[in-house]
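The values are calculated or read from the model by the stated rules, or taken from the named source; none is laboratory data. Computed from a predicted structure; not experimentally measured. As a convention, Cβ positions derive from the backbone with ideal geometry for all residues, glycine included, and neighbour counts pool all protein chains shown.
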C-alpha cells in the first residue's frame with residue numbers, strides 16, 4: 001500500500017472528511033485488485049458508495065482494532081482493516097440484513113491459520129457496529145472426557161480429540177438451530193476446557209447464556225468439509241503412506257458424513273487457506289519453542305510432528321480443505337501467507 005493511501009486512511013481514521021480527490025484515489029486503488037474487488041462485490045458502478053461507506057465506518061472501529069493488534073505497526077493495521085477485515089465485517093452485516101433471522105457464518109482453516117483471532121476481531125467489530133456477535137468453535141462441542149474415553153476404547157486409533165467422531169453432533173445441531181431461530185431467545189452455549197485432565201480436556205460444567213445475537217461466527221479446522229471418493233486415498237499425499245494410514249483416513253472420511261446435517265445449519269463458509277499446509281507444523285514448532293524459551297511447558301519437535309501428522313492422516317488439508325477453495329458455494333477465500341498475513345482474497 002502506497003504512502004498516499006496510508007495518508008488518506010490515517011486522516012479518515014481520525015475522522016477527517018473524505019475529499020473528492022481522495023475518494024477517486026481510493027476507488028482506483030481498490031478496483032486495481034480485481035480478485036479482491038469481486039470478492040467484496042466492488043464494481044466501477046458502486047465503487048463510490050463502497051468507499052464512502054468504509055470511510056464512514058473506519059473511525060468507529062479503528063482505535064479498538066489498533067488496541068486489538070498492538071503488536072502490529074499502525075500502517076499495517078490500517079492496510080488490513082481497510083482492505084480485508086472492514087469489508088468482511090460489512091459483508092457479514094449485509095448478509096444478516098438480507099435475511100429475517102440471525103446469521104450463522106462458518107469459517108474453516110488448518111491449525112494456525114488464524115481462525116480464532118479472526119473470529120474474535122470480527123465479533124468485536126460487528127458488535128461495535130450494532131450487530132452483537134459471538135464466536136463459537138467446533139471444539140466447544142467435543143464429547144465429554146468420559147465419552148471420549150469410551151470412544152478411544154472402542155477405537156484406539158482416536159488418540160486425540162479433534163477428528164470426526166469426537167464431537168457431540170446432536171448438541172451442536174441443537175445449539176445452532178436455537179441460534180438460528182431468533183435473536184430474542186436465550187441460548188445456552190457449551191464451552192470446552194482444554195486444560196482439564198492434564199490437557200486431555202473436558203466440557204465445562206457451566207455454560208454461557210447469550211441472547212440478542214445477530215451473527216454467529218462458527219469456526220473449526222474442518223467446518224464445511226465433505227466426504228470424498230475413497231479411491232483418492234490410494235494416491236493420498238504424505239503422511240498417508242501405509243495401508244493402515246489409508247484405512248484410518250477412509251474410516252474418518254465415512255464419519256465425516258455424520259457432520260453434513262451440522263453444515264446445513266450454516267449460512268455460508270469462509271476459507272482461510274494456507275499457501276502451504278505444512279506451515280501449520282512449522283508455526284506450531286515456533287510457538288512451542290517460544291514457550292520453552294520462556295520457561296513454560298512445551299512439546300518436543302518429535303511430539304509436534306506426531307500430533308500434527310495425526311490430523312493430516314485423519315483429514316488431509318490437500319484432500320478436504322483445498323477443494324473448498326474451488327467450491328462456488330463458498331463465500332470467500334483468504335489466502336494466508338508464511339508471515340501469517342492475508343494474501344489473495346477471492347471467490348472461487
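Below are the figures for this structure:
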{"item": "Meets criteria (surrounded by 21 or more Cβ atoms within 10 Å (Cβ to Cβ) and either in contact (Cβ under 8 Å) with a residue 60 or more places away in the chain or part of a loop (DSSP other than H, G, I, E, B) (or both)) for residue 219", "result": "yes"}
{"item": "Test: residue in the range 281-291 that is crowded, with 18+ Cβ neighbours inside 10 Å, more than 30 Å from residue 347 (Cα to Cα) and in the same structural domain as residue 322 (by TED's automatic domain parsing)", "result": "yes"}
{"item": "Failed item in (1) touching a residue at least 12 places away in the same chain (Cβ under 8 Å); (2) out of contact with any strand residue (DSSP E or B) (no Cβ under 7 Å at 6 or more places or on another chain); (3) in a loop (DSSP other than H, G, I, E, B), with residue 241 passing the rest", "result": "(1)"}
{"item": "Leading residue by the ranking (nearest to the chain's Cα centre (by Cα)) among those in the range 97-131 that are in contact (Cβ under 8 Å) with a residue 60 or more places away in the chain, surrounded by 19 or more Cβ atoms within 10 Å (Cβ to Cβ) and part of a helix (DSSP H, G or I)", "result": "115"}
{"item": "Checklist (1) closer than 21 Å to residue 115 by Cα; (2) in a loop (DSSP other than H, G, I, E, B) applied to residue 136, failing item", "result": "(2)"}
{"item": "Residues (in contact with a helix residue (DSSP H, G or I) (Cβ under 9 Å, 6 or more places away or on another chain) and within 14 Å of residue 172 (Cβ to Cβ)) located in the range 133-150", "result": "136, 137, 138, 140, 141, 142, 143"}
{"item": "Filter result for residue 212 (under 27 Å from residue 126 (Cβ atoms), touching a residue at least 60 places away in the same chain (Cβ under 8 Å) and surrounded by fewer than 17 Cβ atoms within 10 Å (Cβ to Cβ))", "result": "yes"}
